[in-house]
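First up is the structure itself, then whatever we jot down about it.
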2 protein chains.
Amino acid sequence: MRPHAIGQRSETVRRANLSAIVRELHTRGPLSRSELVASTGLTRSAIRGLIGELVAADLVSEERAAPLGTPGRPSPLVRLNSEGAVVLALEIAVDSLAAAAVGLGGEVLDLVRVDRPRGHFSVDEIVADLVELAAPIRARPPTRGALIGIGVAVVGVVRRSDGFVPMAPNLGWRDVPLGERLARALDAPAPISVANEADVGALAEVRRGAAMGVDDVLFISGEVGVGGGLIVDGKPLTGVAGYGGEVGHIPVNPNGAPCRCGSTGCWETEVGEGALLLRAGHPPGGGSAEVEAVLREAEAGSPAALGALEHVGRWLGFGLAGLVNVFNPRLVVLGGLFGRIHPFVTKTLEDELGRLALPASRKLVRVVPATLGVDAPLLGAAELAFEPLLADPAIWLRPRDVLAASA
Amino acid sequence: MRPHAIGQRSETVRRANLSAIVRELHTRGPLSRSELVASTGLTRSAIRGLIGELVAADLVSEERAAPLGTPGRPSPLVRLNSEGAVVLALEIAVDSLAAAAVGLGGEVLDLVRVDRPRGHFSVDEIVADLVELAAPIRARPPTRGALIGIGVAVVGVVRRSDGFVPMAPNLGWRDVPLGERLARALDAPAPISVANEADVGALAEVRRGAAMGVDDVLFISGEVGVGGGLIVDGKPLTGVAGYGGEVGHIPVNPNGAPCRCGSTGCWETEVGEGALLLRAGHPPGGGSAEVEAVLREAEAGSPAALGALEHVGRWLGFGLAGLVNVFNPRLVVLGGLFGRIHPFVTKTLEDELGRLALPASRKLVRVVPATLGVDAPLLGAAELAFEPLLADPAIWLRPRDVLAASA
């Protein structure tokens, strides 16, 4: 080895290797040392040393694997200690608030969701409600002692750097410093990351749901508003400030209706919950109970309900065709309202994609419903809060532990 | 340094460091050793050793910089040897064919472009014409001896892995194995990469044009068809097969005209050259000479010409607003036709963006004309062909040179 070959600092390499190991265990679950060697490309002795550091810091435990009848010593099974590092996840949805504690590796330790009537609530009210919801979760061990981060999903446009919300039409908010407000109200003992709920919903579906292991994914989620979370080559597309993925506000209809964002003819005016309910003859602000009623009527053959679903399915295909042509994705995951209506609109949607998307890209993409249901954004907010630890676990290893491990 | 800290192989690190140096020099031009230390984060002694290897392989030369009146020894200036590695770039545009030799660092050593009438030509004809065009360029030194790759830009949808073209409506092509055909016809002594011309146009504008140094860029280029090259977080968005960026085929008008792709109401049916010419009362297949005539008429106040530009500007804004909402880019670069008409449609375009894009994203984005002109795709094809060398220059260092350098 020539001395000049080591230009990168060995400390940088060590940190990158720790990150690779923790990320593998966090997304794939317990793995044997041999599997870690195979998936990270590190040497067996490097893995042994790094695991030792993580064990000393209580982030990882090892157990002897049962021999599988194969010759040689069984490789010890390495698993993350879900109580070694815990995040608090919060969600501000259109008609509910939620809080959860999630342990390293993705184990949900605590989860509570409360419905609330739709409408415009002041930031003060919502922040106070979230603090109250989170209090018992934060007070219980292990969360009390092991909290390393707070992730927040909100139905609005979010500046990633500081959690500023320039606009959340479904809450009636403009220019709300949500990150700052929550940090103060929670007297936050850990960093807070705030993101748009479809963005983190996509992250959750990629890590633990319908898109597990897929690198090019469009997650399109409908409720009152329509949100998108876009995964490009394995990474979330955020744009320069974090405002990316606002697919609900793609103009699709030059003669369309006014949108709550201030524009007209946005995609969500044609495919959002309000459009479906209105066309089916239900009150447009009726929420998911009314949506379920429409689906029951459609099953019973109601022309109004079927016509409304046809309208939404057609426009869903119209917008998706454009996104498929732009992104050439492997998978489109339909969340929220779109996941629920998917069985009713499959044919319409496929017809529209066939008619409007480029055949080359159309052939490569599948459209599937989401699998994590209503909790996808909450679980995604937890993933967001784990990100600093996954990116650089070394900062969670105290010097004394490191020394003990390497002695 | 603990032994287990070195998990990554030192050879991997050396190759990554060589790549960082060559990439910096290729995109930024000659740099002093001190500047390389600052921009790569490598140590001075690592830089010295790696530069030695590159000098021995004839890829780099060093010259003593003139002292700047500052104390201390001047840092030697490191520059790429443009004749040390050369790529052949080819372009199949709608109304021209082009070939160029480009040296490492981006120096254009040779360039020839021939106009051809528009229309459907057989693959045989176009391949034969390109081979003929490239022959004298390939025969001249340094290209003859230093050719390391061939990049091809084509007006069509391209599978990146092998240069297969499932569809190129403006050439009348379907399912053409262009990469394979060119490799055979050129008796190619170096790997061939084929890409869509807007995709590589974007790459060129980011490396050497209007978007230099910007990480989130939409390059939208219009001629007969409309193409897009999207740069997300510094990387080209290709999608799973390379078909991404087909913005010209985003459905925008539910009541629109048939498109040559087989769909209807695609963006290019409203903003492409044909739409402009038709509305201005010119033959829609008239090409850039007719476009120039429309612009002259608009300058003279012709209502038909001004109306046609207004129409195109309005639809350009309609489509761009959606893309801005989805990508939250820093910069939109308008190429080809859109660059030429930009001065005439600036106000309409800005008005439409103001009306239809989310204010948060709108505020962060600038719309500017491209600066590389008609050669952007050709220069981008050259960049594509350089990519393997930039990613891993070590494979171009013969073992003997390496030994000599480290002796």
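List the residue pairs whose Cβ atoms are under 9 Å apart, where the first residue sits in the stretch A:252-269 and is more than 11 Å from every other protein chain (Cβ to nearest Cβ) and part of a loop (DSSP other than H, G, I, E, B), the second is crowded, with 17+ Cβ neighbours inside 10 Å and modelled with pLDDT of 95 or more, and the two are 6 or more positions apart or on different chains.
Close Cβ pairs satisfying both conditions: A:A257/A:G265; A:A257/A:C266; A:A257/A:T269; A:A257/A:E270; A:A257/A:A275; A:R260/A:C266; A:R260/A:E268; A:R260/A:T269.
Could we say that B:V165 is modelled with pLDDT of 95 or more and either out of contact with any helix residue (DSSP H, G or I) (no Cβ under 6 Å at 6 or more places or on another chain) or closer than 22 Å to A:G244 by Cβ (or both) here?
When the stated conditions are applied, B:V165 does not pass them.
Condition check ((1) in contact (Cβ under 8 Å) with a residue 12 or more places away in the chain; (2) touching a strand residue (DSSP E or B) at 6+ places or on another chain (Cβ under 9 Å)) across all residues:
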site	(1), (2)
B:A139	no, no
B:T143	yes, yes
B:V152	yes, yes
B:V158	yes, yes
B:N170	yes, no
B:R174	no, yes
B:E180	yes, yes
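Which condition number does A:L50 fail, the rest of (1) at pLDDT 90 or above; (2) not in a helix (DSSP H, G or I) being met?
Failed condition: (2).
Pick from the stretch B:228-244 the residues that are more than 9 Å from chain A (Cβ to nearest Cβ) and within 12 Å of the chain's Cα centre (by Cα): which of them is nearest to B:G274 (Cα to Cα)?
Step one: of the stretch B:228-244, the residues more than 9 Å from chain A (Cβ to nearest Cβ) are B:229, B:231, B:234, B:236.
Now narrow it down to the ones that are within 12 Å of the chain's Cα centre (by Cα): B:229, B:231, B:236.
On the way: B:G229: 21, B:I231: 27, B:P236: 28 Å.
Looking at the filtered set, the residue picked out is B:G229.
Report the residue count in the stretch B:199-219 for those that are away from chain A (no Cβ under 13 Å), over 18 Å from B:G105 (Cβ atoms) and surrounded by fewer than 24 Cβ atoms within 10 Å (Cβ to Cβ).
The number of residues fulfilling the criteria is 1.
Of the conditions (1) closer than 28 Å to B:L353 by Cβ; (2) assigned to a helix (DSSP H, G or I), A:R184 clears all except one; give me its number.
Among (1) closer than 28 Å to B:L353 by Cβ; (2) assigned to a helix (DSSP H, G or I), the lone unmet condition for A:R184 is (1).
Looking only at the stretch B:72-117, which residues are on the phi > 0 side of the Ramachandran plot and modelled with pLDDT under 95?
B:G72, the sole residue that qualifies.
Of the conditions (1) more than 11 Å from chain B (Cβ to nearest Cβ); (2) more than 28 Å from A:L378 (Cβ to Cβ), A:G272 satisfies every one except a single condition; which number is it?
Result: A:G272 fails condition (2) only.
State whether one or more residues within the stretch A:274-283 are touching a residue at least 60 places away in the same chain (Cβ under 8 Å) and within 23 Å of A:P117 (Cβ to Cβ).
yes
Among B:E387, B:E297, which is assigned to a helix (DSSP H, G or I) and not assigned by TED's automatic domain parsing to the domain that holds B:D233? Steps first, answer last, please.
Details: B:E297 fails: not assigned by TED's automatic domain parsing to the domain that holds B:D233.
The unique qualifying residue is B:E387.
Just to be sure before I move on: is A:L203 among the aliphatic types (A, V, I, L, M), within 22 Å of A:A241 (Cβ to Cβ) and in a strand (DSSP E or B) in the structure I sent?
Considered against the rule, which asks whether it is among the aliphatic types (A, V, I, L, M), within 22 Å of A:A241 (Cβ to Cβ) and in a strand (DSSP E or B), A:L203 comes out as no.
Among (1) in a loop (DSSP other than H, G, I, E, B); (2) in contact with a strand residue (DSSP E or B) (Cβ under 9 Å, 6 or more places away or on another chain); (3) farther than 18 Å from B:N196 by Cβ, there is one condition B:G285 misses while meeting the rest; what is its number?
Only one criterion in (1) in a loop (DSSP other than H, G, I, E, B); (2) in contact with a strand residue (DSSP E or B) (Cβ under 9 Å, 6 or more places away or on another chain); (3) farther than 18 Å from B:N196 by Cβ is unmet by B:G285, namely (2).
Is it true that some residue in the stretch A:145-159 is out of contact with any helix residue (DSSP H, G or I) (no Cβ under 9 Å at 6 or more places or on another chain) and part of a helix (DSSP H, G or I)?
yes
I'd like to verify a number: residues in the stretch B:242-269 that are among the aliphatic types (A, V, I, L, M) and out of contact with any Ser or Thr (no Cβ under 9 Å at 6 or more places or on another chain), how many?
Step one: filter the stretch B:242-269 for residues among the aliphatic types (A, V, I, L, M), giving B:247, B:250, B:252, B:257.
Then keep just the ones that are out of contact with any Ser or Thr (no Cβ under 9 Å at 6 or more places or on another chain); that gives B:247, B:250.
Residues that pass the stated criteria total 2.
If you take the residues in the stretch A:83-120 that are in a strand (DSSP E or B) and of a type in the set (D, E, K, R), which one is surrounded by the most Cβ atoms within 10 Å (Cβ to Cβ)? Give the derivation first.
Just the residues of the stretch A:83-120 that are in a strand (DSSP E or B), to begin with: A:86-92, A:96-103, A:107-115.
This time we only want the ones that are of a type in the set (D, E, K, R), so: A:91, A:107, A:110, A:113, A:115.
Details: A:E91: 29, A:E107: 12, A:D110: 18, A:R113: 15, A:D115: 12.
Looking at residues that are in a strand (DSSP E or B) and of a type in the set (D, E, K, R), I get A:E91.
Which residue is farthest from B:A93 (Cα to Cα), if the candidates are limited to the stretch B:187-200 and must be outside any helix (DSSP H, G or I) and not small (G, A, S)?
Here the answer is B:P189.
Among the residues of the stretch B:26-40, is there at least one that is without any contact (Cβ under 8 Å) to a residue 40 or more places away in the chain and more than 25 Å from the chain's Cα centre (by Cα)? Before you say what the answer is, go through the steps one by one.
We begin by selecting, within the stretch B:26-40, every residue without any contact (Cβ under 8 Å) to a residue 40 or more places away in the chain; these are B:28, B:37-40.
Cutting the leftovers down to more than 25 Å from the chain's Cα centre (by Cα) gives us B:37-38.
Yes, the stretch B:26-40 contains at least one residue that is without any contact (Cβ under 8 Å) to a residue 40 or more places away in the chain and more than 25 Å from the chain's Cα centre (by Cα).
If a residue has to be within 12 Å of chain B (Cβ to nearest Cβ) and either farther than 25 Å from B:L237 by Cβ or in contact with a Ser or Thr (Cβ under 9 Å, 6 or more places away or on another chain) (or both) to count, how many in the stretch A:327-343 make the cut?
Here the count works out to 3.
Does the stretch A:290-308 contain any residue that is surrounded by fewer than 24 Cβ atoms within 10 Å (Cβ to Cβ), of a type outside the set (A, V, I, L, M, F, W, C), more than 27 Å from the chain's Cα centre (by Cα) and within 14 Å of another protein chain (Cβ to nearest Cβ)?
No, there is no match, as no residue in the stretch A:290-308 is surrounded by fewer than 24 Cβ atoms within 10 Å (Cβ to Cβ), of a type outside the set (A, V, I, L, M, F, W, C), more than 27 Å from the chain's Cα centre (by Cα) and within 14 Å of another protein chain (Cβ to nearest Cβ).
The values are calculated or read from the model by the stated rules, or taken from the named source; none is laboratory data. What you see is a predicted model, and the numbers here were worked out from it, not measured in a lab. Cβ coordinates were reconstructed from backbone atoms using ideal geometry, including for glycine residues, and neighbour counts include every protein chain displayed.
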